[in-house]
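The values are calculated or read from the model by the stated rules, or taken from the named source; none is laboratory data. On a predicted model such as this, the values are computed, not experimentally measured, just so you know. All Cβ positions, glycine included, derive from the backbone under ideal geometry; neighbour counts span all protein chains shown. Side chains are part of the model used for accessible areas, which takes the heavy atoms of the whole protein and leaves out ligands, DNA and RNA. Shrake-Rupley method; radii C 1.70, N 1.55, O 1.52, S 1.80 Å.
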Amino acid sequence: MRRYLVTGALVVLALVYPLLVAGFPVYERLGALVLLGAIGASAWNIVGGYAGQVSVGHSVFFGFGAYSAVVVYTHLGWPPIAGAPLGMLLSVALAAIIGVPTLRLSGHYFSMATIAVAELVRVLSSTSEFLGGAQGLGGPAMPRTVFDLSFLSATPFYYIFLAVLAFLLGLTWWIERGRMGFYLRAIKDSERAARSLGVSSGRYKLYAYMLSGAFTSLAGSLYLCMFGFVDPESGFGILISVKMVVMAALGGAGVLFGPLVGALILVPLEELSNSYLGGRGAGLTFVVYGAIIVIIARFLPSGLLSLFERRSPARPPAKMNVASGHAD
Amino acid sequence: MSITLAQVIVSGLLLGAVYALFSSGLTLIWGMMNVVNFAHGDFVMLGMYSAVVIWTALGGGPFAAVPVAAIMIATLGILSYFLLVRHIMRGPMLAQILGTFGLALFLRYSAFWYFGADFKTLPDTLVGGSFVLAGIRFEGSRVLAGAVGLGITLLLHVILTRTAVGSRMLAVSEDATAAQLMGIRPQRMQALAWAMAGAATGIAGALIANFFYTSPTVGETLAILAFVTVSFGGFGSVLGALVAGLIIGVVESLSAYLVGPVYKDVIVYVLFVLVLWFRPQGLMGKA
Amino acid sequence: MLGLGKGASAQPAPVKVGVIYPLSGNSASAGNYSKMAIEVGADVVNNGNADLAKIIPLAKGGGLPGLGGAKIQLIFADNQGTPAAGQNQALRLISEEKVAALIGAYQSGITLTASAIAERHGIPFLTAESVAANLTERGFKWFFRVTPVAIDFARAYSTFLKEQKAAGQKVGSIALVHENTEYGNSVGSVIADQFAKDSLPITQKIAYSANSSDVQPQVLQLKEKNPDVVIFISYTSDAILYAKTMKELNWKPSIMIADNAGFNDPAFLKAMAPTVEGLVNRSAYSGGKPGSVPAIFNDLYKAKAGVELDDVSVRGLEGFLVLADAINRAGSTDPAKIQAALKATNLPAEQMAAGYDGVKFDDKGQNVLASSVVTQLQGGKYVTIFPKERATAKVILPYKGW
């Protein structure tokens, strides 16, 4: 009962947040930024958290989404958001192409291969005239119609992002409870065991990867609509990928609300530390930002949500449990 | 073969030996503990700053800088192990990325705060200029880094495979609990691995600073290269990293010269993915 | 309490100006130097400088006379090298800090996103150094650009080379070496187009990525083709590597041109000046005689930053001075009045800190009097060699190197 009350209160808070901060554009925008970060990290969570395949190259999909949106504007004159479905389709196809060779790799090898693929695409995009080369491409400078989603206030974006996030989390929840969720958890715990039980691990990993890619791409398209510009670094850069991983890991990977919690901590931390410390130009922003991440990782290696988790007996003790001192 | 092509290959080999040099610390940690250190590039960066400080403050060359950097970064390695890594190893693999990425930002911007954003370089007279051999020009600072790279790689290999300490470290990496039952203290061995990796990385930084620019963000550039080198070679295999480094160096140089510098990274990444396609455990990694 | 309030209001509230620069990330070096240059400018407006006051009316001290002596307060923000952070900070400066106008943001992509926010909010945005051509093609009404753009650089090189050709230098083969991000690509292609028009043959084009750890293959390609002229468009890290590698491989062209950026970075000069003696560069900074505006500002800046004014820092400074002048003439912090004053800007060449012919904006917001001079590194310092009326030294060719 208490759980429903808390959930209900949080949902209401999410719905009325823009009203609470109305008149403070920075905080209206902060809300939208948190949700956008949460969409990206939640999309990543499907393959990285649930299936345990730690991709550090998800910027490939993010960039595809952003570029699809800007390309339909630049080359066809359509509103950028019209590129979102295209980006998602392309990303699903791309996920299949990348996934087949790389998902066979185990552990860190997979992570490294995804980094390499993302870097590859970044370099290629900077040589492509069609994609605006290294200069990048800009969306509509001034909104033409409402479909350009070019709003003075961030509040419309907030509700669009909230709807997308709600849909994505609903979908994830549905998968989590269904057969696929069961298979993914089995694969994450022990791929060999899953396979011996007859789970077609390759296929389910690929499904997860494709789904994850599609929604990461959507995050990219939404990013483009909001910021109106993408170049190879802000689309395909490694920092984009790492941020998704870090957000999910910080909140709790493989947990439904983990990425959202991560975004709720990291995005405001990043924005506020830059606002208050960035102007001095001594790099203090990232000293603080880095230190806080280190401290959380040190004391809550399984993410913030592990604080509220009942100890699940299913998880085998980590290899090196001889270490002293318990975090909790 | 034209002299120019020979020169390209030689420069690729020297570059490759340098890649092996700054990757050896990463592969050691990776192999010993299955931990990827996302702050590795920033360890190299701090090694480079050690050399810069020793030159600007004391006028010392590489012979002073190398041991100092080795000790500094080894200490940093031990501190990172005890204060952070030891704890994040209890969590999922993701915690490593989280923790070491945070550490990377912290170190990078602490250096930024302390040293400023400026690029620094060491005078290229510190390590005796260059010499010509059979029509091919060799640059002293790169030859020194390459030679040390080879030396350190082989030394690490010998320590791991031929000494008692090495076999104890390997025992811990295979099964820490079993090793503990045999009277080996896993934490001590792992701290030792971080110290050795730190020392190798510090030396790498101090030598690279002689021919590369030093800036707070230089580690980012180097880290991706190190990741590719290490997984290309097979994690945990010090020799694998050496071979991979040499291959990558030569491929980069040749493709930059023959195809165009923009495409050299593309070719290296494609090659890397292909290698993993045929050998998912890297060139010399254990299956 | 009341008394205190009155006492404070005798001194009018300061005018807030938002300044967005890369203060962290890969371009932080340039951003931090520009920040110091703008601080020098604000100090002159607020506290005065007797020598400058003879030439620049605003340098008398005591703030902006048009606003009853209001001081200028700079609010700096870090764009972190990302278009997103640039836009977020622009919004914060406008809505939280209530700045009267914005200056920024160094990288063209970030200027694009940051100025889009300013346009929507109706706040003047002035860029002092972003050169991408499309910035002034967006039909914006609140956007102003003081700096010359790539085509101006290309024309300066072209005229300079034709003059050298007439003087008997060989310019029969030209290599263009450019880094592969926005800056190198855009400037490179503009130079290539202009040279094609002026029938200056570009015989070799090399694009490379600026974070290369080794540039030997590129230098070997050059060495093999051995062009008469090489034009480098590089950032700092790669500029350092090229300078080192050319010396190592013992190759130099007879004319070496560097398009500013990396080759002008104080960090580059500190490290590499002795290996690139005779390098030809372009700059918005032209030293000038003692007592001239650039020379006085250079002394002030050197005392603060420890290095000489250069192209990047002087353009930032000039951008600030233009904005201060406009706010002063507007006589108000009302953005619309500042916009109108910016449109009416007409500053003469002798008041310029940068080597422009003056400042006057066209309908698109581009400064039509912006220009660049060609400089050469002589004795470890850049001196102006072209055009003749600005030259402080004679060109020395061929390129000496080390």
- Message: So if I take the centroid of the Cα atoms in the range B:106-169 and the same for the range A:82-147, what is the distance between those two points in Å?
- Response: 35 Å
- Hey, rough spin-label estimate for residue A:89 and residue C:60, points 7 angstrom out along Cα→Cβ, what's it come to in nanometres? 6.8 nm
- Query: Using helices alone, what [θ] at 222 nm do you get for chain A, with -39,500 (n - 2.57) per DSSP H run of 4 or more residues, divided over all residues and rounded to the nearest 500?
  - Reply: -22500 deg cm²/dmol
- Rounded to the nearest 100 Å², what is the sum over both chains of accessible area buried where B meets C, with a probe of 1.4 Å? 3000 Å²
- Item | Summed residue charge, Cβ within 10 Å of residue C:128's Cβ, Lys/Arg positive, Asp/Glu negative | 0
- Query: How crowded by other chains is B:79-89, given as the mean number of beta carbons from other chains within 10 Å of each beta carbon?
  - Reply: 4
- Message: Just checking the output field for C:203-214: average partner chain Cβ neighbours within 10 Å of each residue's Cβ?
- Response: 6
- Task: Round to the nearest 10 and give me the degree value, 0 to 90, for the angle of helix C:293-305's Cα axis relative to the longest principal axis of chain C.
- Result: 90 degrees
- Expected sort for A:169-178, C:19-28, B:3-12 on mean C-beta neighbours within 10 Å, highest first, is C:19-28, B:3-12, A:169-178
- Note on the structure: Ignoring ligands and nucleic acids, chains B and A bury, in total, an accessible area (1.4 Å probe) to the nearest 100 Å² of about 4800 Å²
- Query: Which one of C:366, C:339, C:402 has its Cα pushed farthest toward the positive end of the charge dipole of the range C:279-402, where Lys and Arg give +1 and Asp and Glu give -1 at the Cβ?
  - Reply: C:402
- Message: Charges on Cβ only, +1 for Lys and Arg, -1 for Asp and Glu, centred on the Cα centroid of the protein assembly as shown; of C:22, C:50, B:100, which one is farthest towards the dipole's positive end?
- Response: B:100
- Message: What whole-number distance in Å separates the alpha-carbon centres of the range A:270-293 and the range A:148-170?
- Response: 27 Å
- Task: Apply the membrane-span-like helix rule to chain B: whole DSSP H runs, Cα extent along the own long axis of at least 24 Å, mean Kyte-Doolittle hydropathy at least 0.0. List the helices found.
- Result: B:3-33, B:40-58, B:62-80, B:93-115, B:140-162, B:186-208, B:238-258, B:261-278
- Message: In 10 Å bins starting at zero, report the fraction of Cα pairs in the range C:1-105 per bin as a rounded %.
- Response: 15, 35, 31, 16, 3
- Note on the structure: For C:402, B:194, B:277, the accessible-area ranking with a 1.4 Å probe, largest leading, is B:277, C:402, B:194
- Query: Mean residue ellipticity at 222 nm from the helices of chain C, using -39,500 (n - 2.57) per DSSP H segment of n ≥ 4 over the full residue count, to the nearest 500 deg cm²/dmol?
  - Reply: -13000 deg cm²/dmol
- Shape of the range C:148-190, Cα gyration tensor, a/c cut at 1.5: oblate
- Note on the structure: Using the Cα gyration tensor of chain B, the equivalent ellipsoid's semi-axes, largest first and to the nearest Å, work out to 30, 23, 18
- Item | Förster radius 22 Å - calculated FRET efficiency between residue B:277 and residue A:203, Cβ distance, rounded to 0.05 | 0.75
- Note on the structure: Checking rank on C:272-284, C:369-381, with mean other Cβ inside 10 Å and highest first, the result is C:272-284, C:369-381
- Item | Spatial separation of Cα centroids for the range C:19-78 and the range B:3-54, in angstrom | 43 Å
- Note on the structure: Shape descriptor, the range C:147-252: equivalent ellipsoid semi-axes (Cα gyration tensor, sqrt 5λ, whole Å, largest first) stand at 22, 18, 11
- Do me a favour and compute the ellipsoid semi-axes for the range C:74-202 from its Cα gyration tensor, root of five times each eigenvalue, largest one first, whole Å. 37, 14, 11
- Where B:27, B:161 fall by accessible area, highest first, once all protein chains stay in place (1.4 Å): B:161, B:27
- Item | Stokes-Einstein D (µm²/s) once Rh is taken as the Kirkwood radius of chain C over alpha-carbon pairs, at 37 °C in 0.692 mPa s | 152 µm²/s
- Message: About the Cα centre, and with charges only on the beta carbon of Lys, Arg (+1) and Asp, Glu (-1), how big is the dipole of the range B:3-278? Nearest 20 debye, please.
- Response: 500 debye
- Tell me, what is the per residue accessible area of the protein assembly as shown in Å², probe radius 1.4 Å? 36 Å²
- Note on the structure: For residue B:188 and residue C:137, extending 7 Å from Cα along the Cα-Cβ vector and measuring point to point gives, in nm, a value of 7.0 nm
- Message: Counting only other chains, and only Cβ atoms inside 10 Å, what mean value do you get across the residues of C:79-88?
- Response: 6
- Message: Using 31 Å as the Cα-Cα cut-off, could you pick out the over-long pairs in A:243/C:71; C:98/C:270; C:302/C:394; C:98/C:381; C:141/C:394?
- Response: A:243/C:71; C:98/C:270; C:98/C:381; C:141/C:394
- Using protein heavy atoms only (no ligands, DNA or RNA), what is the total accessible area buried between A and C, 1.4 Å probe, nearest 100 Å²? 2700 Å²
- Message: Accessible area of chain C with a 1.4 Å probe: how many percent of it is carbon plus sulfur?
- Response: 54 percent
- Which percent of Cα pairs goes in each bin when the distances of the range A:1-159 are cut into 5 angstrom slices starting at zero? 2, 8, 12, 16, 16, 15, 13, 10, 6, 2, 0, 0
- Whole-percent carbon and sulfur contribution to the accessible surface of the range A:25-307 (1.4 Å, no ligands, DNA or RNA) stands at 70 percent
- Peptide ranges C:46-57, C:352-363 listed from the most packed, as the mean C-beta count within 10 angstrom indicates: C:352-363, C:46-57
- With point charges of +1 on the Cβ of Lys and Arg and -1 on the Cβ of Asp and Glu, referenced to the Cα centre of the protein assembly as shown, which listed residue (C:68, A:250, A:269) lies farthest in the positive direction of the dipole? A:250
- Message: What does the charge count around residue B:219 come to, taking other residues whose C-beta lies under 9 Å from its C-beta (Lys +1, Arg +1, Asp -1, Glu -1)?
- Response: -1
- Taking the Cα centre of chain A as origin and charging only Cβ (+1 Lys, Arg; -1 Asp, Glu), how large is the dipole, in debye to the nearest 20? 1180 debye
- Using a probe of 1.4 angstrom, how much of the accessible area of the range B:3-278 is carbon and sulfur, in percent? 73 percent
- Task: Once every Cα of the protein assembly as shown carries one equal point scatterer and solvent is ignored, give the base-10 log of I(q)/I(0) from the Debye formula at q = 0.05 Å⁻¹, two decimals.
- Result: -0.30
- Take the Cα coordinates of chain A, assign each an equal point scatterer, and use the Debye formula without solvent to give log10 I(q)/I(0) at q = 0.07, 0.10, 0.11 Å⁻¹. -0.29, -0.60, -0.73
- All lysines inside 16 Å of residue C:247 as judged from Cα atoms, apart from same-chain residues fewer than 8 positions distant: C:223, C:400
- Item | For the range B:1-79, the fraction of alpha-carbon pairs in successive 10 Å shells from zero, as % | 16, 36, 28, 16, 3, 0
